[in-house]
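So the structure is just underneath, and the comments pick up after that.
Rule-based calculations on the coordinates, nothing more; no lab input. Since we're looking at a predicted model, the values are computed, not measured. Positions of Cβ are generated from backbone atoms using ideal geometry, with glycine treated the same way; all protein chains shown enter the neighbour counts.
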Amino acid sequence: MMKIKHTIILFSAFIILFNSCSEDEILISDPFVVAFESLSKNLMDIENETSIDLVYSEMALENGSVSIQIKSENAIYGQDFKTVPEAIGNIITLPILNGELQNAITFLKLNANLFETTNIEFGITSIDYINSNIQGYSNFLINSSAARGTSIQVEVGGPNQGNQVFVDLSMQTTSFAKRDSWDLGFYNGNDFRVAINGSIYMATKALDVYNINEVTETSVESLKTEVAVGTFNPDNVAYIDAPNGNILETAIAEISDNDNENPVYLVNLGYEVGTSTPTIGSAAIAGNHRGWKKIRILKDGDNYVLQYANLDDTTYQEKTITKNTNYNFNHFSFNSNSLVNIEPEKEKWDISFTVFTNFIDGAGSYGFSDYVTQNRKANTQTYQVDTSAFDYDDFSLDNVNASNFSLDQTTIGSNWRDVFSRSTFSDRFYILKDPNGNIYKIKFLAITNDNGERGYPEFEYKLLQ
Amino acid sequence: MILNKNYFFIYFSILFSCLIFSQETTKDSLTVERLEQVIITGQYNLQSVNKSVFEVKVINRKEIENRAVNNLADLLNQSLNINITPNTSTGKSGVSLFGLDAQYFKILIDNIPVINEEGVGNNVDLTLINLDDVQQIEIIEGAMGVQYGANAISGVINIITKKSSKYKTQINAFVQEETVGTEYEWFDKGRHIQSLKVGHNFTNEIYGTVSYLRNDFAGFWDNKQGKVYDIDDGLRGHVWLPKAQQNIKILLNHKKGKHNVFYKFDYLNERINRYDTIVDLNHNSSTDTNDPLGSDRLFKNNRFIHHLNATGYLGVQVRYNVSASYQEQTKDLETYTYRIRKDEKTNIEESEYLSRRAFLSRGTFSNLIYTNKFNLQAGYELTNESGFGSPLAITVSPDDENTVKQRLDSYDVFASSEITISDKLSLRPGVRVSFTNLFENQYAFSLSSKFNLKNNWQLKGVVGSANRTPNYNELYSRLVDINHNVQGNPNLNPEQGFSAFVHLKKKYTLANDKIKAKSRISGSYINVKNRIELIIVNISPREDKYNNIDTYKSFGVFSENAFQYNQFRFQLGASLLGISKVLNSETNSEDDFLLNFQLNSNINYTIPNWNTTFALNFKHVGKEQQFVQKTNEEGNQEFQRGVTDAFSWFDLTLRKTFLDKRIETSIGIRNLLDVTSVNTTAFSGGAHNGPPTNLLLGYGRSYFLKLTYNLNL
């Protein structure tokens, strides 16, 4: 019996040992930071007042305060501008309240005609909070220069990616249009070119027919499987606009002065924006097929003349489209039979987030989600930098290599993200020169939101000075 | 507390040496089992191995204990013709028998197929089969469609559990601590197993057991950093996913006269944690701070098995064996965002991932006609099976209804007879018809024969057929978007398997009857027709669809030999298998036979006065070739011979009992040759990434200690 007792003791010792403490590893968190949400605001965008937003790095768990110093050139506090809360001795003190994530200063413009040389700087000088640090966007400028930078979560529209979003970095503005709200883009530059909407996977092929009424459903039936995106036939790149964005390489040939040289085109209208909810992390881009049209485009002096009809129609509609040089394109919609507003004015955007028709060598045209193009028509240029060569934070204007700039609008393209891991590549960032010559560095932060849902890309950018 | 490797060894050795030196000098209590092994699988009556017309390979309890293995995957990786490859990214274990994967053979527990989230009997994850209540494991190679129905093409593995005890009360508890390679800590590293089993004879007629087992595998970390790691350098998570299993089993056995009834309950819970390798730094540009996030997954597997069985005699001769079983396995997926630094789970979403439920009943009636020359068995088997797959688990279009449900009802009847033509020759023809709701009527045939030749030679020939039912993906998957058009095919037919095996056996003695020996040499042929493969049905626009198109063939020759000299046992086996795959689904494919050589051996030696057994197990898997589609220098697709390098498993264990077997310890080394992965060129790259260049097989040399306490009252 002694032996049994022995073993029981041994056994219990073993089990007690086994169930003893487990040591949890603890990771060190970043300090508590209060910072400006962005780096600057343009004076011209402020009518009477504006809010200067401050964010906390995490929810405040106690009360504290932050001090912000104002330095102004060519503007006088109390005379040209003031703030709420009021600055005392050029210092604003803002409370940090338990449970809050942000705070704001209201900037009031008292002098409607502030000078172009006016520069008002808000700088965080101290944060009274446990384990805090001053870092990130710790100062904020109000002046008349190009935006210094911020981070933007782009409203692509979630997993269906229903929007084309246009971002102007220097103005710090975004605008968007629904992807399937337009079909054709009539180029407003010198060339007479017409683009198709690659964001809904349109495709088009010239027919050997010069009378639009001659084309019928049956006469093009055999072409339908061919004139499409993603057919894995390398030759199908002829039916899409060149992904590089060169206006001289559109699927539809240059519109000729001679009507006899402008054939009828069979147009695959692509797909509506998807409506289904895919599994988390996936995208559901394409909805129902939008059908087919036959079109013929002619020239009337400096105007385009668009003839279009459904395949079996024996008559057609005709629209004359006049060039508007403020924009890259006049966008036309078959659904509304009219021009629609899609892009901002041609020099008022730099990059666009959109679904895109690209091509893969050997496999032909291929649809891409989460794509980023640049405003090639207004001369926006970009190039990619590997972090092995330069650190993003350290990269300055001196490091810019002008010979690397490329007009190819696929330069950023899909290279910024890895769809399989639903993450951004952290080993690269981009340099962009906008139509006004401002040079920015751009780093992509996310392809999904915090829930892991696709279609919520986020990036930050900074002006190189 | 965390023990480092050195402390761990010191601890182990102290514990072990204490036990060694505390031994008493008791008399040899080991009674060498000389009784002929009795087998059950496919037999009309309990039958000795030698009398069976089938060739049945048996792994008995002692071998399981000698190796201190706890699940079927770990046990079978030393067997010839079976290859176990862990799937490190799902935590499941992949297995192939004669080069055919787990869809082609069936795992049975007490003659009843065991459920898995992807199949009934087939597709079983061998790591989910615990061996704590196993009496013996019977392996039959070759198609067993008549006896065991669909999917028993390359073979059947039947696990026979213990259902009685000679003691009034039996308490058995053990703890087992294993290192995973060199990794070991009390909680976060290594493998920790605890088990408690209580058996009791309530009356002479009623016996019951309750057992609990917990098997906590903390994963293989290698250079990875686990869950609490906030740097995005690809090191978060584990190389092999950690998983924890808990298994409760209850048995009630009632025996009265000619009848025996048992009810068995088995509940298994498994949790597999997948911590995302990618750390989303969640950078806040404004504050220049990070709040790193991981998109983590927790798979929760719950399996219930109820099995009610009755055996006995109707009248004087007809032996019945009827089982009814309800089983279900549900795999749920919990996805969540883990705020790594705050140890906080957010966005928790739970959903059913894969599940399967089945009601099964199987009955055999033997000796329906029973004469010296002729014995007839008839049986039925019915399976009502329903399965579910979520879009996360299988590819379905998001526009479809969000789930795929499948029902498969099959009603089978089968009959076979044993015809004794002379005392030398007996034959056993059999046939099965299966009526199902999804497919046309399926038939299976078998013909086995046994010749007893002179001088203890025995020749067995076994031919049989069986079909494989198409799986979920093959029937119902759907991936249609702008760039893809891949579709399942509800009109698929089951694949047709056929096998022929020849076994020549002899029992003999050597060295003046001092060495007892058994040798067997076998030849195998397996053919699977109408294999299902995804093929391009339209070039432009491209459409892919599953179709019955390919053929698989294998020829094998293998030999197994066992020798016993006093307390010394030695076993040696070798096999050479040639596999040819005719891929009509691909152009320019190659169908040459590709050879694979395997060798296995084990040595057991028992020192009687020490109550100590040494066991050494070795298996060598030769270089394996496989045709893979690759792009050649001219940029064209062609089939090339990909090669997976050879590797060997080598385990060493030492088992010792104390205090009249009340205490038992095992200590051992697994994977002595420290194999982790082998180089391979046998994979083709995916559409979006290159091929893997090595195949993970193990986690390196590991050590274990098992302490068992047995109390028999």
On a straight-distance basis, which lysines could pair with B:K106 in a cross-link, Cα separation under 18 angstrom, same-chain partners fewer than 8 positions away excluded? B:K57, B:K92
Ranked B:I157, A:I297, B:I272, criterion: other C-beta atoms within 10 Å, fewest first: B:I272, A:I297, B:I157
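With respect to the cross-link table entries B:K545/B:K630; B:K331/B:K630; B:K62/B:K450; B:K256/B:K460, which display a Cα-Cα separation exceeding 25 Å? The partial results should precede the final answer.
On the way: B:K545/B:K630 22 Å; B:K331/B:K630 36 Å; B:K62/B:K450 29 Å; B:K256/B:K460 37 Å.
The pairs that break the limit, which is 25 Å between Cα atoms, are B:K331/B:K630; B:K62/B:K450; B:K256/B:K460.
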For B:K373, counting only aspartates and glutamates whose alpha-carbon sits under 12 Å away and dropping same-chain residues fewer than eight positions off, the answer is B:E418, B:D423
May I ask for the angle, rounded to the nearest 10°, between helix A:2-18 and the longest principal axis of chain A, with both axes built from Cα atoms and the value confined to 0 to 90°? 60 degrees
What stretch of chain B, leaving out the sites themselves, is the longest with no GluC sites (Glu not before Pro) in a DSSP loop having at most 13 other Cβ atoms within 10 Å? B:206-400
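Diagonalise the Cα gyration tensor of chain A and give the resulting equivalent ellipsoid semi-axes, square root of 5 times each eigenvalue, largest first, whole Å.
On the way: eigenvalues 499, 255, 69 Å².
Ellipsoid semi-axes (Å, largest first): 50, 36, 19.
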Sequence gap of 8 or more, or different chains, plus Cα separation below 27 Å: how many lysine pairs satisfy both in segment A:245-374? 10
Ordered by residue, what ³J(HN,Hα) values in Hz, to whole numbers, does segment B:477-485 give under the Karplus form 6.51 cos²θ - 1.76 cosθ + 1.60, where θ = phi - 60° and Gly and Pro are x? 5, 7, 10, 10, 9, 4, 9, 10, 8
Amide H contacts under 5 Å for B:T287, restricted to residues at least 5 apart in sequence or on another chain and with H modeled in the peptide plane, are A:Y137
Using amide H atoms built 1.01 Å from N in the peptide plane, name the residues 5+ places from A:F359, or on other chains, whose amide H lies under 5 Å from its own. A:Y366
Just checking the output field for A:225-231: average partner chain Cβ neighbours within 10 Å of each residue's Cβ? 4
Which aspartates and glutamates, if any, have their Cα less than 13 Å from the Cα of A:K441, not counting same-chain residues under 8 positions apart? A:D350, A:D386, A:D391, A:D393, A:D394, A:D398, A:E460
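Over the alpha-carbon set of segment A:178-340, divide Rg by the Kirkwood Rh and report the Rg/Rh ratio to two decimals. The partial results should precede the final answer.
Values: Rg = 15.7 Å, Rh = 16.3 Å.
On the Cα set of segment A:178-340, Rg over Rh gives 0.96.
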Output needed: percent of Cα pairs per 20 Å distance bin for the protein assembly as shown, bins running from 0 to the one holding the longest distance. 10, 32, 30, 19, 8, 1, 0
Over the C-alpha atoms of chain B, what are the Rg and the largest Cα-to-Cα span, Dmax, in Å? 26.3, 92
Residue by residue through segment A:52-64, what is 3J(HN,Hα) from phi via Karplus (6.51 cos²θ - 1.76 cosθ + 1.60, θ = phi - 60°)? Round to whole Hz and write x for glycine and proline. 9, 8, 10, 10, 9, 5, 7, 4, 5, 10, 7, 8, x
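Once you've got the Cα coordinates, tell me which of A:K41/A:K462; B:K454/B:K553; B:K345/B:K405 are over 22 Å apart. Let's see the in-between values first.
Details: A:K41/A:K462 13 Å; B:K454/B:K553 34 Å; B:K345/B:K405 31 Å.
Exceeds cut-off: B:K454/B:K553; B:K345/B:K405.
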Karplus 3J(HN,Hα) series, Hz, for segment A:308-318 with 6.51 cos²θ - 1.76 cosθ + 1.60 (x for Gly, Pro): 8, 6, 6, 4, 8, 5, 9, 10, 9, 9, 9
Along Cα→Cβ, 7 Å out, is where each label goes; now give me the distance between the ones at A:T322 and A:T173 in nm to one decimal. 2.4 nm
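Could you line up A:S256, A:S369 from fewest to most neighbouring Cβ atoms inside 10 Å? Don't jump to the answer; show the numbers that get you there.
Details: A:S256 14, A:S369 25.
So the residues, fewest neighbours to most, are A:S256, A:S369.
Restricting to lysines 8 or more places apart or on different chains, can you count the pairs in segment B:124-206 with Cα atoms under 29 Å from each other? Mind showing how you got there, number by number?
Values: B:K162/B:K197; B:K163/B:K197; B:K166/B:K197; B:K168/B:K197; B:K189/B:K197.
Qualifying lysine pairs in segment B:124-206: 5.
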Per the 1/(1 + (r/R0)^6) rule, R0 = 45 Å and r from the Cβ atoms of B:S165 and A:S421, FRET efficiency to 0.05 is 0.25
Interchain or sequence-distant (5+) residues whose placed amide H lies within less than 5 Å of the amide H of B:N122 are B:I107
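Sort A:M202, A:M171, B:M144, A:M44 so that the residue with the fewest other Cβ atoms within 10 Å of its own Cβ comes first and the one with the most comes last.
Working: A:M202 27, A:M171 18, B:M144 31, A:M44 11.
Least crowded to most crowded, the residues run A:M44, A:M171, A:M202, B:M144.
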Kirkwood Rh (inverse of mean 1/r, distinct Cα pairs), segment A:34-145, angstrom: 14.3 Å
Rounded to the nearest Å, what's the spacing between the alpha carbon centres of segment B:260-315 and segment B:77-132? Just the number, please. 17 Å
